[in-house]
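Here is the structure we will look at, set down as structure tokens.
The values are calculated or read from the model by the stated rules, or taken from the named source; none is laboratory data. Being a predicted model, the structure only gives us computed values, none of them experimental. Ideal geometry is used to build each Cβ from the backbone, glycine not excepted, and the neighbour counts take in all protein chains shown. Note: areas computed on protein heavy atoms with side chains; ligands, DNA, RNA excluded. Shrake-Rupley method; radii C 1.70, N 1.55, O 1.52, S 1.80 Å.
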Amino acid sequence: MAGETTTQENGPQAGAGARPMDVGMLLYGGHTTLDFVGPHLAFASAGMRVHLVSHSLEPVVSDIGLAVLPTVTLQDCPADLDILFVPGGRVDEVLLDRTTLGFLAHHGRTASYITSVCTGSLTLAAAGLLDGYRAATHWATRDQLARFGVEVSSERVCIDRNRVTGGGVTAGIDFGLTLIARVLGEDAAKLAQLAMEYDPQPPFDAGSPEGAGPEVVARFAEFVEATIGERIDESIARAVSRALEQRAAQNA
């Protein structure tokens, strides 16, 4: 899967002479592809210019084995991003990746909007970009996000000033459309939604813990614990400790 840079001239929101908004979407090994594909499609439909950013231009493998081609490296990413975005996934390694966290902290100082979907908010928190902000994450990782001192939201899309964060995975489409409405207007978001024929009619009411019921939730928890439980707990503990140390140093 190759990420393609999209300009306003290529999208239905094209405006004569208008500068396309630049979106930097972080890629890392173990990301959840749908976390960024939904927003990517929404942003491209609105004529934004999307950059898929990673350590190198080599394929980046997702948590289910899909390979995605970055379009720009961390070093060559445009300096003035309008939107900085982090997807979720298996974040145990990226939470401790000093180079990536430094990239996020650097661009977070100038980006107009700092955003994420799913467990991407954990990475933003590890980079110190959610200090003093409210944020959403996947329902199963709300407790982990709270460990960073972040005020956790249960909203599908949470807006706190220029921090816009989505819940788990499929919330990325809602997140993308919500952000488009905020920066380009409601009509632009509606046009993007129509272009994607986003008219969800799920076959089951099981997209939330409340709808799925305790038995299904328990089975999901068992799966998570068996696959990444211990690894993610250790990474979060180290990332939280480092984030708290940095916060203390800044406040000294």
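If all Cα-Cα distances of segment 144-250 are sorted into 5 Å bins from 0 onward, what percent lands in each bin, rounded to whole numbers?
2, 9, 12, 15, 18, 15, 12, 9, 5, 1, 0
Is the shape of segment 188-252 rounded, prolate or oblate, going by the alpha carbon gyration tensor and its root eigenvalues a ≥ b ≥ c, with a/c under 1.5 for rounded and a/b larger than b/c for prolate?
Values: a/c = 3.47, a/b = 1.41, b/c = 2.46.
Note, shape of segment 188-252 comes out oblate.
How far, in nm, would the chain grow between Ser112 and Leu69 when pulled straight, counting 0.36 nm per residue and subtracting the alpha carbon separation? Write down the numbers at each step before the final one.
On the way: separation 43, 0.36 × 43 = 15.48 nm, distance 2.54 nm.
Extra length from Ser112 to Leu69 when fully extended: 12.9 nm.
Along the charge dipole of segment 94-246, which of Ala111, Phe223, Ala192 sits closest to the positive end, that is, farthest toward it, with unit charges on the beta carbon of Lys, Arg, Asp and Glu (+1, +1, -1, -1)?
Farthest along the dipole direction, towards plus: Ala111.
Tell me, what ³J(HN,Hα) does each residue in segment 134-139 have, in order and in whole Hz, if you take phi through Karplus 6.51 cos²θ - 1.76 cosθ + 1.60 with θ = phi - 60° and put x for Gly and Pro?
For segment 134-139, the Karplus-derived couplings read 9, 8, 9, 7, 4, 4 Hz, x marking Gly and Pro.
Counting each pair of different Cα atoms once, what's the Kirkwood radius of the chain in Å, rounded to one decimal? Please report the intermediate quantities before stating the final value.
Values: mean 1/r = 0.0545 Å⁻¹.
Result for the chain stands at 18.3 Å.
Sort 114-121, 208-215 by packing, meaning the average of other beta carbons within 10 Å per residue, with the highest value first.
Values: 114-121: 30.5, 208-215: 11.9.
Output ranking for 114-121, 208-215: 114-121, 208-215.
So, for segment 182-252, what is the accessible surface per residue at a probe of 1.4 Å, expressed in square angstrom? Don't skip to the end; give the middle numbers.
Numbers: 5380 Å² over 71 residues.
In whole numbers, segment 182-252 has 76 Å² accessible per residue.
Counting only helical runs of four or more DSSP H residues, what would the 222 nm mean residue ellipticity of the chain come to if each run contributes -39,500 (n - 2.57) and the total is spread over all its residues?
Numbers: 9 runs with 97 residues, N = 252.
Calculated at 222 nm, the ellipticity per residue is -11500 deg cm²/dmol.
Label point 7 Å out from Ala195 along Cα-to-Cβ: which residues of segment 156-172 have amide N under 19 Å?
Taking a point 7 Å out along Cα→Cβ of Ala195, the residues of segment 156-172 whose backbone N falls under 19 Å are 172.
Could I have the simple spin-label model distance between Asp187 and Arg231, label points 7 Å from Cα toward Cβ, reported in nm to one decimal?
Taking the two extended label points, one gets 4.9 nm.
Quick one: putting +1 on the C-beta of Lys and Arg, -1 on the C-beta of Asp and Glu, what dipole do you get for the chain around its Cα centre, in Debye to the nearest 20? Display every interim value, and only then the final one.
On the way: 18 positive and 31 negative charges, 135 e Å.
Charge dipole, the chain, about its Cα centre: 640 debye, nearest 20.
Looking at the chain as a GNM with Cα springs under 10 Å, which of Ile83, Ile173, Ile228 has the largest mean-square fluctuation?
Between Ile83, Ile173, Ile228, it is Ile228 that shows the largest mean-square fluctuation.
With springs connecting C-alpha atoms under 10 Å apart, model the chain as a Gaussian network and identify which of Thr178, Thr110, Thr137 has the largest mean-square fluctuation.
Maximum fluctuation in the GNM of the chain, among the listed residues, is at Thr110.
What do you get for trypsin sites (Lys or Arg not before Pro) in segment 80-139 restricted to DSSP loop and a cutoff of at most 10 other Cβ within 10 Å of the site's Cβ? It would help to have the intermediate numbers written out before the result.
Numbers: sites: Arg90, Arg98, Arg109, Arg134; in loops: Arg90, Arg109.
Passing both the DSSP loop test and the Cβ count: Arg109.
How much of the accessible area of the chain, probe 1.4 Å, is carbon plus sulfur, in whole percent?
Details: 6260 of 12070 Å².
Within the chain, the accessible surface is 52 percent carbon and sulfur.
Relative contact order of the chain: what whole-number percent is it, with Cα pairs under 8 angstrom and at least 6 residues apart? If you can, show how the numbers build up before the last one.
Details: 505 pairs, mean separation 44.3, N = 252.
Over the chain, the number comes to 18 percent.
For Arg247, what accessible surface area do you get with a 1.4 Å probe? Give it in Å², rounded to 10.
60
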